[in-house]
1. Based on what the data block shows, is residue 98 touching a residue at least 60 places away in the same chain (Cβ under 8 Å) and outside any helix (DSSP H, G or I)?
2. So for the stretch 86-104 (the condition being open to solvent by 10 Å² or more (accessible area, probe 1.4 Å), at pLDDT below 95 and hydroxyl-bearing (Ser, Thr, Tyr)), does at least one residue qualify?
3. Quick check on this structure: which one of 25, 32 is open to solvent by 60 Å² or more (accessible area, probe 1.4 Å) and not aliphatic (A, V, I, L, M)?
4. Could you say which residue among 92, 113 is touching a residue at least 60 places away in the same chain (Cβ under 8 Å), of a type in the set (D, E, K, R) and at negative phi?
5. Is there any pair linking a residue in the stretch 53-76 that is on the phi > 0 side of the Ramachandran plot to one that is in a loop (DSSP other than H, G, I, E, B) and β-branched (Val, Ile, Thr), with Cβ under 7 Å and at least six apart or on different chains, and which?
6. Given the conditions (1) over 11 Å from the mean Cα position of the chain (by Cα); (2) farther than 21 Å from residue 25 by Cα; (3) in a helix (DSSP H, G or I); (4) in contact (Cβ under 8 Å) with a residue 24 or more places away in the chain, which single one is not true for residue 138?
7. If I go through the stretch 56-80 residue by residue, how many of them are open to solvent by less than 30 Å² (accessible area, probe 1.4 Å) and closer than 17 Å to residue 24 by Cα?
8. Any chance the stretch 39-49 includes a residue that's polar (S, T, N, Q), open to solvent by 80 Å² or more (accessible area, probe 1.4 Å) and closer than 22 Å to residue 97 by Cα?
Amino acid sequence: MSDTVKTPNIIRETSSGVMYFSIQEEMLTRREIECIGEITPDAVHSLIRQIRYLAQLDPHKEITIYINSPGGDVSSGLALYDVMQAVSCPIRTVCMGVAASMGALLFAAGAQRDILPHGKVMIHDPLVLSCPGGSALKLKKLSDNLLQTREITGQILAQLTHHTLDEIYEKTAEDTYFDADQAVAFGLADRILTEI
């Protein structure tokens, strides 16, 4: 089975003949983009290009990002967060499925944060995916960097949810899941959507 998912095409008859458009192209014309799957440098690069393009077309019109992500690379996610904050047009986020880890931070960063009724949000501290060997100094440097990243992401979540940093640390000490109602109550989402 192939790992790639084929994007269906939309067929339109025009005065020039039959034209084929990908659904992604059609969504882009409606200022809608998708953050689906793992947050990787390549995925973030594509999302940043789309956001910058749409912001250049109309610096005041809303962009919607649909998110269904288990999270991923923190540095890439923070780059996307910075771009979302830097563009002048409002960015609406919609959680469909799950917004976990860095996906949760990006979802919470929306100017309007909507979640579908069965959506879930999960927050936790940044993780070390593999523990490299090495000297005590090397491990201390890794630990210091991880704690600094924890503070950065914690402060962002505290600002976005209007909770204290200590309250965020209490929730991120382990995987904490929020259903749609809980996400709204905690300040990770603004409203539950029943229609898209």
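The values are calculated or read from the model by the stated rules, or taken from the named source; none is laboratory data. Just so we're clear, the structure is a prediction, and the values are computed from it rather than from any experiment. Using ideal geometry, Cβ is built from the backbone for each residue, glycine included, and neighbour counts are taken over all protein chains shown. Surface areas here come from the heavy atoms of the whole protein model, side chains and all, with no ligands, DNA or RNA. Shrake-Rupley method; radii C 1.70, N 1.55, O 1.52, S 1.80 Å.
1. Here the answer is no, as residue 98 does not meet what is asked.
2. no
3. Every option except 25 fails the conditions.
4. 113
5. Listed by first residue and then by second, the contacts come to 72/40.
6. Failed condition: (4).
7. Number satisfying all stated conditions: 5.
8. No: zero hits.
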